[in-house]
Structure formats: C-alpha cells, structure tokens
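The values are calculated or read from the model by the stated rules, or taken from the named source; none is laboratory data. The model shown is predicted, which means the values in this text are computed figures rather than measured ones. Because the Cβ atoms are built from the backbone with ideal geometry, glycine has one as well, and the counts that use them run over all protein chains shown. We work out accessible area using only protein heavy atoms, side chains counted, and drop any ligands, DNA or RNA first. Shrake-Rupley method; radii C 1.70, N 1.55, O 1.52, S 1.80 Å.
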Amino acid sequence: MATAQAKAGRREWIGLAVLVLVTLIISMDMTVLSYALPFITADLQPTGSQLLWITDVYAFVLAGLLIPMGTLGDRIGRRRLLMIGAAVFGVASAATALSTSPGMLIGTRAVMGAAGATLMPSTMSLIRNMFHDENERRAAIGLWAAGFSAGGVIGLVAGGALLQYFSWGTVFEINVPIMLLLLVLAPLLLPEFRDPAAGRLDLLSTVLAFVAVLPMIWGVKQFAEDGVDWPQVSGLVGGLILLAVFVLRQRRVADPVIDVRLFRAPAFSAAVVMNVLANFALVGFMFFISQYLQLVLGLRPFSAGLWSLPAAGAAGVGAAVLAPMLAQRFRRAYVAAGGLLVGAAGCLVLAQVGDEVGLTQVVVGQALMTGGIAMVLTLSAELIVSTAPPERAGAAAGLSETGSQFGAALGVAILGSIGTFVYRRQLSGAAPDGVPADSWVTARETLGGAVEESRTLSTTAAETLVTVARAAFADELRVAAVVSAGILVVTAVLAAVLLRNVGVSVPGQQPAGGPADTPTPADPTPADPTPAAGAGAGSTEAADPTPAAEIRIGPESATPAGHRPAHPVA
C-alpha cells in the first residue's frame, strides 16, 4: 500500500522562491537583449553576421545542452550542478557587460547559455525532490512555470527601464547579485539528489544530443530570416539524422541519456507534444506583438513593455493558480484542452487589431493567450517530471526545456515566414507616388525597414509609405493570429485524445517517502522499492499487476545485485 505523502515545510517553499527567481532571470535573459541591440551596435559596431550571433548564440547553446546537463545533474547531484552553473552564469554575465568587442560578447553570451543549461533542468528536477505531495508539487511547478512565463515580459520592461538611464551592460549586470544570492541560499534551502545507480556518463550520447539539437534550432530560426535555402535545409536534415542516431543509441546502451521508452507512457508523450506546440504558438506570435506595439501604434519600448505586463500577470494566474486548482478536480485532458482553447480565443481577439487602433485587443488577447497557454505549460512540465522515474527527473526536465526551445524556434520560423509572405504580397505593387524605387524595395522587406526609410523622405511620401507598410503588417499579424489559433485548437484536440486515460493523479508517480524521492546522502544505500510502492495516487498498478500495465526504464536484462530496480512509468 502506498504510504502517505509528506507535506512540504517552510524550508521547501522558501527554496522554491529561490528556484523561481533563478528561472525568471534565465527567461529574462532571452528577451532583455532586444532593446539593448541598438546601443550595442553603436558601441561595438558588429557586422551583420556578428549581430545575428550576438542575438542567437545564448538560445542556441542553451537548447543544445539542456538534455546533457539534465543528465549530468542526475549523476553528480542536482544542487551541485545548480551551484556550479550559478557561479559560471554570474561570472559570464559580468564579462558580457564588460565586453569590448563583438567577438568577446558572442563568446561570453555562449558561456551564459551553457551555464543557463545547467540551471533550467536543475530547478525543475529539484522541485521533484522537494515536493512529494502531488498537489503541492503541482502548485510548485505552477509557480515555477509562472516565473518562466513572466520572465520574458519582465525582461522587456526591465531592459527598457535600465536603458533609459544606464549603459547597455546593466541588462546583464543585474544577473550577478541573483546568482550570488543563489550560491549563499542553495546549501541552506535545497536538498541534494543524485541517482546512486546512474552508471557511467555516455560521452558520445552527450555530444550527439548537442550536435543534433543545435543545427535543427539554427535551421528553423534561419528559415524565418532568410527563407528556404540549402544551408537551412542542410542544418535541419543533418540535425534530424543525428537525432535518429541518438535515439538508436539510447535504445541500445545500458545507461542512456534519455530512455526513449519513456515515450511509451501516454502522459509523457502527450506532455512533450503539448509543450512543443504550445510554445510554437506562444513564442512565434510574440514576435509580432512587440513590433505592432512599437512600429504600428508608435509606443516607446518601455511603454510597450508596460502594456505587456497584464499578459505576465495572466501567465502567473494561469500557471500558479488555475492549473493547480483545476487539475485537482478535473482530468488533465479537460484542463489542458480548456487552457489551449482559451489561448486560441486570445488569438482570435488579436486577429481583430487594426492598422491604427488595436491596443485594447492586444492587451486582452495577449492576456488570454498567455494565461491559457501558461496553464498548459504547467501541466506538461508536471507530467514530464512526475511521470519520469525520480532518478531520471533531471534528464526529463532537460527534454522538456529542449522541447520548449525547439517549439519556440519552429514557431518563429514558420509564423515569421507566413507573416513575411503576407507582408510582401500586400506591398507587391508599384511604389507609391514620391517613394523612390530603392526605398520601396527596402520597405517591402520589413516594417522596420519601411519606418527607417520614411525618415529620409518628404513628409507626404513618408506618411504614405508608413501608412501602407503599417496596414500590410496589420494584415500579417491578423493572419499569424488565425494560424496560431488553429495550432492551439489542434493541440487541444491532441491533448484531449492523448490524455483521455490520465486521471486526476499522475500515473506512475512515486508516493512521498518512497525511496526514489529521498535525497541521496553522502554514502547512499538505495532501498529496494516494491511494485506497490511505485503506485501513486490514482494508479492502477496494484490492481493490475500484468506486465502490460507498466513500462520499465533501463536495460531489459535482469537487475544486478545492488542496482536500483527499474521504475514503473505507466
């Protein structure tokens, strides 16, 4: 019989606050650079290629190392990896702020991405060990997801505010005191956990995971900027081939980085699919909102960020309040599908914006979209981490974050390409009266280019150019909103189907006090959990002991003496 689930104390909840703060900082660093780019360009004078790498290298390295770093945390200790990452992240942030050349800035941003890859899966997997009660864990993951969702918006606001009074380096210097605080509080508040039977680290699989993810992320991001060309196609195809090699290797080695048999658990598979597609719609569409607020409605960066704060609040409510509350009463399928449909409704509100007025639609639509999707991201994170064996929680968390990054990059690429097609089609005719041909060519590329070109023209020609370009971008945004709504509706149907057999409790979840949840002491002696101990609340394993009722993670061979038995997943 499953033991009673232990409740978290004050130490765990304060520790969670530290983890959420770290997550918020990492998320902020993905957007805080947006407003600093003009200042960096004026100061360091990078080439176009260097500017691209300054913008993207953080996300590239972060995405490529999430799975390997999650696996490393399972082996050397999640708190230890978190503290190592915090120290490196703080030093790299200070070095980034003091960069004196484009090459130095690219290098330090890459180191920040590598350090960020140690922090993200560590924070999520530590929650798995700190909160044993299912409802408390769901609430904790909700707060974690709220911090991540709000961090991107807060990064825009903080970046706009800091750049009004300080140099561009301050947008990175704010990371340093947070990392110092983490180094002080982590040993006091966070438990250590590592898998005592993890086996050796497969270096080849670790390298394969990085080199498979990196070209795919690069390829889909380049599709959005340059369209279809052989380098992007080569990167995507090459990444897919390497991913196939990685998966085949994981099926054969005794100690895989990610056990692909996890995907045979319906809850795990559904969570990964929801994570990718929800981020596809959310991040892909946010690319349009920031431009609309600034270039169509004419808001200053700081004001645009302030009008995005309601969306950050809605994300917090959806992730930290609605998702945990509703998941206690209703099946995951209903809650996830409902959140996705709310997000789709927000997209349809955003599809009503005009080329002169639309602030109300943006604020309301963005709040609905982010609030609904934040609910889904909370549920997907909970399912991924809770369904995976506790000793593999770090690797599972890395997979979850990699899915987020891949979905975001794919959303920017596909929605960006659709938007570019609509924009250029709207401006496909001859140049308006008074607008030179070369200015018209530039204006047809992007709305930002049209606004810049208008500053070199007479008042009448400038107004004409900006008016037609803004109208074209408004059409672009409306089409992207409808496509995003369609993606979310399809995802809602998939969630309802794939999660239809998942009840209120997470299947395959270890009860509190179970051996797999116990933080590993200095000289760990893992207990031997019985099949009954592996049955969480709402699980049917005890009632149905047949082999088909569970999926075991690890080698198919008999368990060696002293080795932790495989963990039932579904």
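For the reader, a short list of remarks on this structure follows.
- Condition check for Ile54: of a type in the set (A, V, I, L, M) and under 18 Å from Leu189 (Cα atoms): no
- Region 341-362 - residue that is open to solvent by 10 Å² or more (accessible area, probe 1.4 Å) and under 12 Å from Ala474 (Cα atoms) and, of those, nearest to the chain's Cα centre (by Cα): Ala351
- Residues in region 26-46 that are modelled with pLDDT under 70 and over 19 Å from Val157 (Cβ atoms): none.
- Gly73 vs. criteria part of a helix (DSSP H, G or I), of a type outside the set (S, T, N, Q) and touching a residue at least 24 places away in the same chain (Cβ under 8 Å): yes
- Looking across region 62-76, just one residue is surrounded by fewer than 24 Cβ atoms within 10 Å (Cβ to Cβ) and more than 13 Å from Pro256 (Cα to Cα), and that is Ile76.
- Filter pass, Ala95 being open to solvent by less than 20 Å² (accessible area, probe 1.4 Å) and of a type outside the set (Ser, Thr, Tyr): no
- Verdict on Gly235 being over 30 Å from Thr378 (Cα atoms) and either polar (S, T, N, Q) or part of a helix (DSSP H, G or I) (or both): yes
- Inter-residue pairs, beta-carbon under 8 Å, first in a helix (DSSP H, G or I) and in region 175-192, second among the basic types (Lys, Arg), 6+ apart: Ala186/Arg79; Pro187/Arg79; Leu189/Arg11
- Residue in region 419-442 that is least open to solvent (accessible area, probe 1.4 Å), counting only those that are among the small types (Gly, Ala, Ser) and touching a Ser or Thr at 6+ places or on another chain (Cβ under 8 Å): Ser439
- Residue identified as modelled with pLDDT under 85 and over 20 Å from the mean Cα position of the chain (by Cα) among Ala312, Ala244, Ala265: Ala265
- Residue in region 105-116 that is touching a residue at least 60 places away in the same chain (Cβ under 8 Å) and among the hydroxyl-bearing types (Ser, Thr, Tyr) present: no
- Any hit, region 396-418, residues being open to solvent by less than 20 Å² (accessible area, probe 1.4 Å) and modelled with pLDDT of 80 or more: yes
- From the options Gly298, Gly305, Gly284, residue that is under 30 Å from Val466 (Cβ atoms) and either part of a loop (DSSP other than H, G, I, E, B) or without any contact (Cβ under 8 Å) to a residue 40 or more places away in the chain (or both): Gly298
- The sole residue among Ile384, Ile373 that is part of a helix (DSSP H, G or I) and at pLDDT below 85 is Ile384.
- Of the candidates Ser125, Ser99, Ser49, the single residue that is over 30 Å from Gly160 (Cβ atoms), of a type in the set (Gly, Ala, Ser) and either in contact with a helix residue (DSSP H, G or I) (Cβ under 7 Å, 6 or more places away or on another chain) or modelled with pLDDT under 80 (or both) is Ser125.
- Candidate set from region 262-281 (those that are touching a residue at least 40 places away in the same chain (Cβ under 8 Å) and among the aromatic types (Phe, Trp, Tyr)); member that is surrounded by the fewest Cβ atoms within 10 Å (Cβ to Cβ): Phe280
- From Met104, Met112, residue being in a helix (DSSP H, G or I) and open to solvent by less than 10 Å² (accessible area, probe 1.4 Å): Met112
- Among the residues here, Arg332 qualifies as charged (D, E, K, R) and out of contact with any strand residue (DSSP E or B) (no Cβ under 9 Å at 6 or more places or on another chain).
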